[in-house]
Each structure stands twice: as C-alpha cells, then as structure tokens.
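Read the structure below first, then the notes.
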Amino acid sequence: MTAIKPFVWFCLLIAIPSLGGGCATLPNVSRVIGAVPATQQPPQIASVKGLLSSEESSAIMDRLKQSVEPTDLLGRQIAVIESVSKSPLTQGNKVTLLIDGPTAYAAMFRAIENARDHVNIETFAIEEVDDETGRRFADLLLRKQAEGVQVNLIYDSVGSIETPASFFHRLRGAGIHVVEFNPINPMRAHGKWRLTHRDHRKLLVVDGKIAITGGINIRQVYSDTSFTWEKKKPSPPWRDTDVQIEGPAVAEFQRLFLDTWQRQKGPSLFGRNYFPDLKEEGNALLRVIGNTQGRSNRITFITYVSAITFADHSVHLANAFFVPDHQVLDALTAAAGRGVDVKIILPSITDRPLVLSAQRYNYSRLLKSGVQVYERRNALLHAKTAVIDGVWSTVGSSNMDLWSFLRDNELNAVILDRAFAVEMEKMFAMDLAQSDPIQWQTWKRRSIGSRMKECVAHLFAHWL
C-alpha cells in the first residue's frame, strides 16, 4: 500500500458524518421472511425462451432437491429472495470457479482477446502507478478498441483515487468510453452527490455472452497465488475468488452494468449487440444480486441473513471485512445452536487494522455459541464467498459489513447447483488447511490491550 492510502481513508472517516447516510438502517429480515407464505408456489425460473411453466419449474427444483439432503434453502429462502429481488432465477448456466488473481486474470484476458463486439468493465479499483497488471489491461483494451471492439469502463472515484488522470485520458483518447463513478469532486457529480456512495462491484461482460464477477480488482496485489507464498517476498499475496458465467444469466449482469452506466450519465451506447441471443451452456440455476444505495434496496443483506436462517446442515463462509450487524450474528449463532456446522474463515492480515480489531470484537460471542472461527494465514484474505447445505453458493463483491450492506453498489452471483457447491467446498477446505482455528480457551485469555482495541474499533463499526 502506498503512503496516500491511509490518509485517504482518514479523510473519508472524518468526512462521513457530515455527508448523510448515517441514519440509514437495515431491514428486519424476520419481518421480510414472515411476509412470505410458508407454503409457496414453485419459483419463477427463466430460460432462454422466457419464463418456464409452474410444472417445468417444479420438475427442475425436484431434481435439485433430490441431489442433496433436505433443506429449506430450496424452498423458503428462494421464495423470500424472489419476493424482494427484481432479478429472475435463470436456468442453463455454466459457472466456472476462478481461484485467486492469476486464474481470474487469465480468464479475463482470454475473454477480452476473443471479444468481437464489445467489452464492458466495472471495477472499484484499477491501478496503474508501478502496476504491471493495470498496464497489461490497458494495453489489451486499447488494442481491442483499435480492432473495432467497443470498450466501456466504469471505475470508482475513491477506489481508483491513486490512478493518475493521464491513465484514463489515454483510454479516452483512443475511443474507449470511460465513466468515473460518483466523482469525489462534487462539481463533477451526476445527480445527488454523496461521498459514501461507492461502486464496489467487479464485473466484466464480453460480447454479452461471458460475465466474470467476484472480489478481484485490477491491481498488482492479485498477481500471485495465495497458496504458495514465499516469505522472502516483501508482502503476502491477496486471496480472492471470481466466477466466470456463460448462459442466460449473463443478460442480467449486462442489465446491471448498463443501468449503472445510464445513472452515471455515461456516453450513449449504440451500434453494438449488448443483448445477443443466448443459449443454455450448463445446468446451474443462478440469480444475480445487485445491491445499490437506497432505503428500499438491501437485497444482499436479506440474501445472506435468510440463507443462514434457513440452513439445515452447514454454513461455510469466507469474508474479507466481517463487521456485521446483530441480525447476521443472531443468524449465525442460532444456526450453530440448532446443530448446523458453522465455519467462518476471516483474515489474519489486513490493509485496514481497525477493521481487523472490529472483526475480532465478535469472536467471543461466536465461539461461545459453537461457531467455528478461523483466520487465514500467509495471505490477505479478500474473498467474499459462501456455500450452504452443499447446494447454495455465492461469490461476489459484498463484504459482511455495514458499508457493503448499506452504502455500496455490490454484486453477487447466487448459484444453486450441487456440482458447483462441491467445487466451493473443495476451495473452502483448501483455505481451511491454510488457516488457524481460534480456540475459546486461548481467546478468552487475550491481553487487556487487545480487548481495548476491539472495543474502540467496535465503536466505529458503522463506518468501517
């Protein structure tokens, strides 16, 4: 991390209380769940030909239920999310797990290399100063633009604050359309300005046929695998996860990108086939969850809490910034209390020390309730993933903190597929092998100094 980054975060922390959003609240998920009838109709499932009939949807869900032990995730939780989400559950998707930056970047470069019509990129951070990864992306995008492929880029003003303006001028000069999300300078804002509203999504859509999403920004810190860190290197690699999606769900990712583009007053996009005819590429059911700032849109939060609430067998989470509200903690401890295998992998290394202390503030309650907590070693854990009951998975950009749940534009793919869940469990086991368990008997003897740090950090939980 460069010297400017702590200063930037300090300025944001000081500025936040006067910028609005401090009174925003999360919904009562119990009430949301209670408003949905316990006996539901089959979920609405979209195919390449449109919505399926109730009979067809029932047959698909029955096959999925037969692949795993009984779980309310495949009934009540789906109904709850259907009641609050504008995104349909789509069938026929192929989902490929991309573990760590090198694998994800290889998939991104391959998709962009093969682009024939357009490349749409939305990212929180794209870095260029002493950053080979950012330069490689820029060079490839410039080459594809020169070949006649239209490139459209959305970057977050705060996330990319250290990237010089000359980097984006170079892209614009070559014909690439570039949008700065919610500029820090209020004179350049598109509509209502609020510094705390950030675009934390990471999304690549190529030719309307391939989407890649997850937690990975365009930064050099992701250039090494997190499973073979050589300690002679000056800093540990970042551990993150993306997914590549092919099939009908890509259209939903495209719609979210274009919606953000329009809201940010980007240049008119025309003459390209942003919504080509799609075909079924695999067997996964998938829902695209797009969180935006606003009192009525807390879909990511509702998705997580309801999934944990309806878990019957296992909840396996990995998350970079774990500073949740009481409803998440209640759901996790209640799950452990009814015998669900609840395991959480969290960072032991961070670029934001205050967040690490706030994260640890919750350990005592979790451990005493039976939740198993682990800290990932030899890497900076930046992933945001979950696999529940061996059939429900999510990969995305959403941290389990109030910043993601309340303020950011976030993006998660929720996948209902037994085969993909098996891959997620294998990945979780790999991380577990690289993690240290937090034992209650040891944890309760930690120093007074550590306890004080946790309590002070917890006071700032709303703004971390």
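The values are calculated or read from the model by the stated rules, or taken from the named source; none is laboratory data. No experiment lies behind these values; they were computed from the predicted model shown. No Cβ is skipped: glycine too gets one built from the backbone with ideal geometry, and neighbour counts run over all protein chains shown.
All but one of (1) surrounded by fewer than 23 Cβ atoms within 10 Å (Cβ to Cβ); (2) outside any helix (DSSP H, G or I); (3) modelled with pLDDT of 95 or more hold for Glu423; state the number of the condition that does not hold.
Among (1) surrounded by fewer than 23 Cβ atoms within 10 Å (Cβ to Cβ); (2) outside any helix (DSSP H, G or I); (3) modelled with pLDDT of 95 or more, Glu423 violates only (2).
Can you work out which of the residues in the stretch 42-63 that are β-branched (Val, Ile, Thr) and modelled with pLDDT of 95 or more is nearest to Leu278 (Cα to Cα)? Give the steps one after another, and end with the answer.
Of the residues in the stretch 42-63, the ones β-branched (Val, Ile, Thr) are 45, 48, 60.
With modelled with pLDDT of 95 or more added as a condition, the list becomes 45, 60.
Working: Ile45: 16, Ile60: 20 Å.
Step by step, filter the stretch 42-63, then rank; the result is Ile45.
Does Thr133 satisfy being within 11 Å of Leu204 (Cβ to Cβ) and either surrounded by 22 or more Cβ atoms within 10 Å (Cβ to Cβ) or hydroxyl-bearing (Ser, Thr, Tyr) (or both)?
On the way: within 11 Å of Leu204 (Cβ to Cβ): no; either surrounded by 22 or more Cβ atoms within 10 Å (Cβ to Cβ) or hydroxyl-bearing (Ser, Thr, Tyr) (or both): yes.
No, not satisfied.
State which residue pairs qualify: first residue in the same structural domain as Arg352 (by TED's automatic domain parsing) and closer than 18 Å to Val323 by Cα and inside the stretch 436-464, second residue part of a helix (DSSP H, G or I) and of a type in the set (D, E, K, R) in any location, beta carbons under 9 Å apart, and separation of 6 or more residues or different chains.
If the second residue must be part of a helix (DSSP H, G or I) and of a type in the set (D, E, K, R), the pairs left are Ile438/Arg360; Ser450/Arg360; Lys453/Arg360; Glu454/Arg360; Ala457/Arg360.
Do we find a residue being in contact with a Gly (Cβ under 6 Å, 6 or more places away or on another chain), outside the structural domain of His200 (by TED's automatic domain parsing) and not in a helix (DSSP H, G or I) anywhere in the stretch 385-397? Full working, then the answer.
Of all residues in the stretch 385-397, those in contact with a Gly (Cβ under 6 Å, 6 or more places away or on another chain) come to 395, 397.
Right, trim to outside the structural domain of His200 (by TED's automatic domain parsing) and you get 395, 397.
Among the residues that remain, those that are also not in a helix (DSSP H, G or I) are: 395, 397.
So far as the stretch 385-397 goes, yes, one or more of its residues are in contact with a Gly (Cβ under 6 Å, 6 or more places away or on another chain), outside the structural domain of His200 (by TED's automatic domain parsing) and not in a helix (DSSP H, G or I).
Of all residues in the stretch 346-386, count the ones that are within 22 Å of Glu410 (Cα to Cα), crowded, with 24+ Cβ neighbours inside 10 Å and of a type in the set (A, V, I, L, M).
5
From the set of residues in the stretch 85-101 that are at pLDDT below 95 and touching a helix residue (DSSP H, G or I) at 6+ places or on another chain (Cβ under 6 Å), which is farthest from Thr225 (Cα to Cα)? Spell out how you get there, then give the answer.
As a first pass, look at the stretch 85-101 and keep what is at pLDDT below 95: 85-88.
Subset that is touching a helix residue (DSSP H, G or I) at 6+ places or on another chain (Cβ under 6 Å): 85, 87.
On the way: Ser85: 35, Ser87: 33 Å.
So, considering only residues that are at pLDDT below 95 and touching a helix residue (DSSP H, G or I) at 6+ places or on another chain (Cβ under 6 Å), the one farthest from Thr225 (Cα to Cα) is Ser85.
Consider the stretch 197-218. How many of its residues are part of a loop (DSSP other than H, G, I, E, B) and surrounded by 24 or more Cβ atoms within 10 Å (Cβ to Cβ)? Show your work before the answer.
If we filter the stretch 197-218 for residues that are part of a loop (DSSP other than H, G, I, E, B), which is where we start, we get 197-198, 200-202, 207-209, 215-217.
Now drop any that are not surrounded by 24 or more Cβ atoms within 10 Å (Cβ to Cβ), which leaves 200-202, 215-217.
Going through the stretch 197-218 one residue at a time, the tally reaches 6.
What tally of residues in the stretch 28-54 results from selecting those that are among the small types (Gly, Ala, Ser), on the phi < 0 side of the Ramachandran plot and not in a loop (DSSP other than H, G, I, E, B)? Spell out how you get there, then give the answer.
We begin by selecting, within the stretch 28-54, every residue among the small types (Gly, Ala, Ser); these are 30, 34-35, 38, 46-47, 50, 53-54.
Restricting the remaining residues to those that are on the phi < 0 side of the Ramachandran plot gives 30, 34-35, 38, 46-47, 53-54.
Add one more test, that the residue is not in a loop (DSSP other than H, G, I, E, B), and what stays is 30, 34, 46-47, 54.
Counting residues in the stretch 28-54 that are among the small types (Gly, Ala, Ser), on the phi < 0 side of the Ramachandran plot and not in a loop (DSSP other than H, G, I, E, B) gives 5.
Assuming Asp117 fulfils every condition listed in (1) among the acidic types (Asp, Glu); (2) within 29 Å of Val221 (Cβ to Cβ); (3) more than 23 Å from the chain's Cα centre (by Cα); (4) modelled with pLDDT of 95 or more apart from one, which condition is it?
Asp117 satisfies all of (1) among the acidic types (Asp, Glu); (2) within 29 Å of Val221 (Cβ to Cβ); (3) more than 23 Å from the chain's Cα centre (by Cα); (4) modelled with pLDDT of 95 or more except (2).
Restricting to the stretch 331-343, give me the number of residues that are closer than 27 Å to Arg377 by Cα and not hydroxyl-bearing (Ser, Thr, Tyr). Give the derivation first.
Of the stretch 331-343, the ones closer than 27 Å to Arg377 by Cα are 331-333, 335-336, 340-343.
Those left that are additionally not hydroxyl-bearing (Ser, Thr, Tyr): 331-332, 335-336, 340-343.
The total comes to 8.
Checking the structure you have, find out if any residue of the stretch 322-334 is among the acidic types (Asp, Glu) and either over 19 Å from Thr90 (Cβ atoms) or part of a helix (DSSP H, G or I) (or both). Step through it out loud before you land on a result.
Here is the first cut: in the stretch 322-334, the ones among the acidic types (Asp, Glu) are 325, 330.
The next check asks that each one be either over 19 Å from Thr90 (Cβ atoms) or part of a helix (DSSP H, G or I) (or both); those that pass are 325, 330.
Looking through the stretch 322-334, at least one residue is among the acidic types (Asp, Glu) and either over 19 Å from Thr90 (Cβ atoms) or part of a helix (DSSP H, G or I) (or both).
Taking only the stretch 120-132 into account, find how many residues are out of contact with any strand residue (DSSP E or B) (no Cβ under 6 Å at 6 or more places or on another chain) and either modelled with pLDDT under 95 or β-branched (Val, Ile, Thr) (or both). Before you say what the answer is, go through the steps one by one.
Within the stretch 120-132, the subset out of contact with any strand residue (DSSP E or B) (no Cβ under 6 Å at 6 or more places or on another chain) is 125, 127-132.
Restricting the remaining residues to those that are either modelled with pLDDT under 95 or β-branched (Val, Ile, Thr) (or both) gives 127-132.
Result for the stretch 120-132: 6.
Looking at the structure I just gave you, is Tyr222 of a type in the set (Phe, Trp, Tyr) and in contact with a Pro (Cβ under 8 Å, 6 or more places away or on another chain)?
Details: of a type in the set (Phe, Trp, Tyr): yes; in contact with a Pro (Cβ under 8 Å, 6 or more places away or on another chain): yes.
Here the answer is yes, as Tyr222 does meet what is asked.
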